[in-house]
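Engineer: Structure provided below as structure tokens; questions to follow.
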Amino acid sequence: MYLGRTTLSKFLIEQLHELDDNGQLAGLLVDVAAAVKSIAAMTAKGALGGFHGVIDNTNVQGEIQKKLDVLSNDALIDACEWGGMLAGMVSEEMEEPIQIPAEFKRGRYLLNFDPLDGSSNIDVNVSVGTIFSVLVHDKDTPPTVEDFLQEGRRQVAAGYAIYGPATMLVITVGKGTHAFTLDREIGNFILTHENLRIPPDTSEFAINTSNERFWEPPISRYVEECKAGKTGVRGRDFNMRWIASMVADVHRILMRGGVFMYPRDTKDPAKVGRLRLLYEANPIGFIVEQAGGAASYGRGAILDHAADSAHQRIAVILGSKNEVERIERYHAEHDSGADRPYASPLFKDRSLYRSEV
Ligand code: AHG
Ligand code: MN
Ligand code: MN
């Protein structure tokens, strides 16, 4: 029954055999997968594991940390710091970059991660995930925060794990997007979905509509048109989903298409969107592009956007290509005033957001 199946390690060795790095990247991804197995074991225990609830601390984002946020963060550091593959890490849960302890060898890669994505779902037993991104560090010196601020286009690997009814690991090393399912009996990730492709068209969207009054006009326009369904300009009905774990919402989109939006809004003027560029938007953007989808901040590709701080936030609009391109067009039409043809020319270019992200 187990003969002939492709394990994660076998797959990575095959995909990366031309890379001249002594197997470091493959080794790092196998270490990430080891952490994912520990996190899967903890999440699967649910309330019985004693892992539910919060700890008395807020992270750099000002969010109250859940026990599992911290334990997942520790699991990733523990699995990845010792192997000699990493020069440093950035985690959602830690303000400063994580240095490799002096007793371990330093390698050539940087790892950015969101140890537990969708943590508001932990205590209600809804899917959560882990997101990670790998960059190259070309220097011999330990990395400073600037070394992590690379464009997403420079990622050499990225992925996420989803802790759902089954635990799955979805990975890209720039050669398509591939999904593995954890076989708990033997403790291996097995290739189950090779070369995932996101259909270019969709009739499904995902957005938190409770923020509607804070959105920019192009997002309101798009969502209004979807909601109008057959009776509106789109001429067909749309369906809506929102899980509040980006990983779970993106996983559905990878499996059957759709568009996910966490746009910038005016809810908190200090925050440009909700999701973080280095360890949420960039890795998911890479995964989505490698599956034939698009990932935008409304006014350009997420992967081309420079980062200016480790925990920087960005608007995220991704999934089925034709829908993402339509939403980008709505932003362009808004910025030029073309969506308001009868407005006074004086007001056309007036937008709170025009020249920013
Ligand atoms: P995290 O749990 O790592 O802070 O991320 C949660 C993110 C993302 O996964 C999800 O799409 C979004 O926050 C949900 O936000 P709302 O609670 O505003 O819907
Ligand atoms: Mn997250
Ligand atoms: Mn998180």
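Engineer: Quickly run through the range 55-102 and pick out the residues that are in contact with a helix residue (DSSP H, G or I) (Cβ under 7 Å, 6 or more places away or on another chain), over 20 Å from residue 275 (Cα atoms) and β-branched (Val, Ile, Thr).
Structural biologist: 55, 98
Engineer: Something else now. Do the conditions hold for residue 213, that is, is it surrounded by fewer than 16 Cβ atoms within 10 Å (Cβ to Cβ) and within 26 Å of residue 307 (Cα to Cα)?
Structural biologist: Considered against the rule, which asks whether it is surrounded by fewer than 16 Cβ atoms within 10 Å (Cβ to Cβ) and within 26 Å of residue 307 (Cα to Cα), residue 213 comes out as no.
Engineer: Which of the residues that make up the range 221-275 are away from ligand 1 (no atom under 14 Å from the Cβ), closer than 30 Å to residue 62 by Cβ and of a type in the set (Val, Ile, Thr)?
Structural biologist: Within the range 221-275, 223, 266, 272 meet the criteria.
Engineer: For residue 171, state whether it is within 16 Å of ligand 2 (Cβ to nearest atom), in the same structural domain as residue 92 (by TED's automatic domain parsing) and in contact with a strand residue (DSSP E or B) (Cβ under 9 Å, 6 or more places away or on another chain).
Structural biologist: No: the conditions fail for residue 171.
Engineer: Given the structure, is residue 48 in contact with a Leu (Cβ under 9 Å, 6 or more places away or on another chain) and either modelled with pLDDT of 95 or more or away from ligand 1 (no atom under 16 Å from the Cβ) (or both)?
Structural biologist: no
Engineer: Can you spot a residue in the range 261-278 that is part of a helix (DSSP H, G or I) and within 15 Å of ligand 2 (Cβ to nearest atom)?
Structural biologist: Scanning the range 261-278, I find at least one residue that is part of a helix (DSSP H, G or I) and within 15 Å of ligand 2 (Cβ to nearest atom), so the answer is yes.
Engineer: Within the range 101-119, is there a residue that is of a type outside the set (Phe, Trp, Tyr), more than 13 Å from ligand 2 (Cβ to nearest atom), within 30 Å of residue 242 (Cα to Cα) and in a strand (DSSP E or B)?
Structural biologist: yes
Engineer: Sticking with this structure for a sec: Looking at 138, 123, can you tell me which residue is over 14 Å from the mean Cα position of the chain (by Cα), part of a loop (DSSP other than H, G, I, E, B) and at pLDDT below 95?
Structural biologist: Being over 14 Å from the mean Cα position of the chain (by Cα), part of a loop (DSSP other than H, G, I, E, B) and at pLDDT below 95 holds for just one of 138, 123, which is 138.
The values are calculated or read from the model by the stated rules, or taken from the named source; none is laboratory data. No experiment lies behind these values; they were computed from the predicted model shown. Please note: Cβ atoms are built from the backbone with ideal geometry, for glycine as well, and neighbour counts cover all protein chains shown.
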